[in-house]
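Engineer: Would you mind keeping the following structure in view while I ask a few things?
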Amino acid sequence: MKRHIFSMAAAAMVALAFVGCEDLVKDDIDAKYTHDVNLPAPECTDVTFESVTVSYEIDGDTAGLSQMYSGILFATKEDFSDKQEFVVKPGEMKTLNVSGSTDYYAKSYFVVGTEVKYSEVTKFTTPAPPPFKDDYLFGAYAAFDDGDDSYQYPMEISWVENTYNRINIYNWWGGEQTVTATVDFEKKQIIVDYEPAIGNYGELDPDSGLGWVYFYGLDENGEPTEDLIVGTYDDEGNISFPGYFIYIEELGWYQPGSTDMIKQ
């Protein structure tokens, strides 16, 4: 991981809370108020190797029930052990990301009093994605940061299975973590997913009291932004990430950084 951590400004982190549908029963729902509600299985249309449109309806007495306690569960396993939850209101159509050549299972839910009602399951299979166009990106790299090639460390890029343009980037800053990104073949750009976790600085130096390292985009003034980190690559597979901003838990914002990756 990065070797030099010096003076830094304090900043507050924003925590994201994820709530499972089993926890959706709130005190503001009258448990004594019962409803006869029927949930047809969700419709899954416009299925491609990367997206699907989902929707569902609710039949029955839904008067007085908040639509915030409804949605669709999505999984690649029939027992929904790997489920994802999406807030989708009854009658709403929503496009979700999927992988190619994959079986999916979907069911809608609605909270009624103290009970969560589920629909029957809809199953569908996505078609195979096109071949990954610039597969010369896959493989080993020698990386260096901030223009200083006197210290290099290994990185690796691999394909995210059953996708058209998705990759794994491994060992940024030597943090032994995998982050994901999307490749734009026409612009020869690599767009890193939001807020990549690069590594845990506290594991490298337990006495530091520091935590995870995250990268963010830069604005035109060199300040951190929620914009995604964008790198470019050439026909030999060499990659440059010219700018990102560094955040370290328990410390705050650090400074801008850059990374170059030389294909091996």
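The values are calculated or read from the model by the stated rules, or taken from the named source; none is laboratory data. Every value quoted in this text rests on a predicted model; they were computed, and no experiment measured them. With ideal geometry, Cβ positions are generated from the backbone for all residues, glycine too; neighbour counts draw on all protein chains shown. Please note that ligands, DNA and RNA were not included when accessible areas were found on the heavy atoms of the full protein model with its side chains. Shrake-Rupley method; radii C 1.70, N 1.55, O 1.52, S 1.80 Å.
Engineer: For region 58-86, give me the residue count where each residue is surrounded by 12 or more Cβ atoms within 10 Å (Cβ to Cβ), assigned to a loop (DSSP other than H, G, I, E, B) and at pLDDT 90 or above.
Structural biologist: Residues meeting the conditions: 3.
Engineer: Quickly run through region 241-255 and pick out the residues that are surrounded by 16 or more Cβ atoms within 10 Å (Cβ to Cβ) and closer than 22 Å to A142 by Cα.
Structural biologist: F241, G243, Y244, F245, I246
Engineer: Under the condition of being farther than 19 Å from E156 by Cα and among the aromatic types (F, W, Y), which residue from region 191-240 is most open to solvent (accessible area, probe 1.4 Å)?
Structural biologist: Ranking the candidates gives Y194 first.
Engineer: What number of residues in region 151-166 are under 21 Å from I198 (Cβ atoms) and either in contact with a Ser or Thr (Cβ under 7 Å, 6 or more places away or on another chain) or open to solvent by 40 Å² or more (accessible area, probe 1.4 Å) (or both)?
Structural biologist: 8
Engineer: Can you pull out every residue in region 138-151 that is over 24 Å from T126 (Cβ atoms) and without any contact (Cβ under 8 Å) to a residue 40 or more places away in the chain?
Structural biologist: D148, S150
Engineer: While we're looking at this one, here's another question. Considering each of S101, S108, S119 in turn, give the residue that is exposed (fewer than 14 other Cβ atoms within 10 Å of the Cβ) and farther than 30 Å from D234 by Cβ.
Structural biologist: Testing whether each residue is exposed (fewer than 14 other Cβ atoms within 10 Å of the Cβ) and farther than 30 Å from D234 by Cβ leaves just S101.
Engineer: Would you mention how many residues in region 189-232 are under 25 Å from Y136 (Cβ atoms) and assigned to a strand (DSSP E or B)?
Structural biologist: Here the count works out to 9.
Engineer: Are any of the residues in region 155-169 aromatic (F, W, Y), under 17 Å from the mean Cα position of the chain (by Cα) and within 21 Å of K263 (Cβ to Cβ)?
Structural biologist: Yes, region 155-169 has at least one match.
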